[in-house]
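The values are calculated or read from the model by the stated rules, or taken from the named source; none is laboratory data. Note that this is a predicted model, so its numbers are computed, not measured. No Cβ is skipped: glycine too gets one built from the backbone with ideal geometry, and neighbour counts run over all protein chains shown. Just so you know, the surface numbers come from the protein's heavy atoms only, side chains and all, with ligands and any DNA or RNA stripped out. Shrake-Rupley method; radii C 1.70, N 1.55, O 1.52, S 1.80 Å.
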Amino acid sequence: MLTNKLSTHHFNKQEEIFPLFESQLEACGVDYFDFYLMYAQSDEIYAKYKKLHAYDEASKLKEEGKIKHFGISFHDNADVLDMILTENPDIEVVQIQFNYVDYEDPAIQRKACYEVCRKHNKPVIVMEPVKGGNLVNLPKEAKVVYDK
């Protein structure tokens with residue numbers, strides 16, 4: 001399974017999306033990607049993707065068989081995620097930062113984002129499950145509790 005992404009800092013016009021995608025296929029030596037993600041979606045970044053019709057371009061690539069599954073990686077609050085999924089029901093998968101420390105944190109809203117994914121029946125791809133390795137290197141006090 002091979003996944004790639006459309007990164008916001010690599011295009012500024014709709015016309016740049018297809019050549020960028022083709023260069024990604026060429027660099028990977030493949031004819032299609034199993035998953036293709038609209039990268040780092042937030043309120044601000046989504047506005048750019050929407051203005052430049054990036055989601056429409058990805059849908060065309062899927063119709064052509066160059067993308068098997070279309071999704072997003074997400075970095076904002078649950079309301080923004082709900083808006084994006086409501087406006088784009090063809091999104092097949094959502095990648096979110098998801099770990100036990102951030103799950104209940106109201107500022108990070110991981111539980112709420114997960115619940116939005118469930119509401120829209122979207123599978124979740126987990127990123128940062130060990131929070132950049134920080135959850136592996138426990139403080140002494142936590143390690144004692146964990147070891148028990």
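Accessible surface area normalised per residue over the chain is 59 Å², counting heavy atoms of protein chains with a 1.4 Å rolling probe.
The smallest convex shape that holds all Cα atoms of the stretch 13-100, its convex hull, gives 102 Å³ per residue.
Three principal axis extents of the chain based on alpha-carbon atoms, in descending order, are 56, 34, 26 Å.
I need the calculated FRET efficiency for the pair residue 100 and residue 2, taking r as the beta carbon distance and R₀ as 35 Å, to the nearest 0.05. Efficiency computed from Cβ-Cβ geometry: 0.75. Convex hull volume of the C-alpha atoms in the stretch 40-91, normalised per residue: 69 Å³. The angle separating the long axis of helix 110-119 from the principal Cα axis of greatest extent in the chain is about 50 degrees. By accessible area, using a 1.4 Å probe on protein heavy atoms only, the stretch 89-148 has 56% of its surface on carbon and sulfur. Highest-first packing order for the peptide set 42-51, 18-27 is 42-51, 18-27, based on the mean count of other beta carbon atoms within 10 Å. Note that the stretch 133-148 has calculated 3J(HN,Hα) couplings of x, 5, 7, 8, 8, 6, x, 3, 4, 6, 5, 4, 5, 4, 5, 5 Hz, one per residue in order, obtained from phi through the Karplus relation 6.51 cos²θ - 1.76 cosθ + 1.60 (θ = phi - 60°); glycine and proline are x. Note on residue 48 and residue 141: the extension gain reaches 28.9 nm, defined as 0.36 nm multiplied by sequence separation minus the Cα-Cα distance. With the simple model of a label 7 Å out from the Cα in the direction of the Cβ, residue 108 to residue 25 spans 3.8 nm. Using a cut-off of 21 Å between Cα atoms, the listed pairs 66/111; 13/119; 13/122; 5/122 include 66/111; 13/119; 13/122 as exceeding that distance. Rounded to the nearest 10 degrees, the angle from helix 17-28 to the longest Cα principal axis of the chain is 70 degrees.
The string of couplings for the stretch 31-40 from the Karplus curve (6.51, -1.76, 1.60, θ = phi - 60°) is 9, 7, 10, 5, 10, 9, 10, 6, 6, 6 Hz, one whole number per residue in order, with x for Gly and Pro.
Subtracting the Cα-Cα distance of residue 64 and residue 34 from 0.36 nm times their residue separation leaves 9.5 nm of extension gain. Helix 78-87 axis versus longest C-alpha principal axis of the chain: approximately 30°, rounded to the nearest ten.
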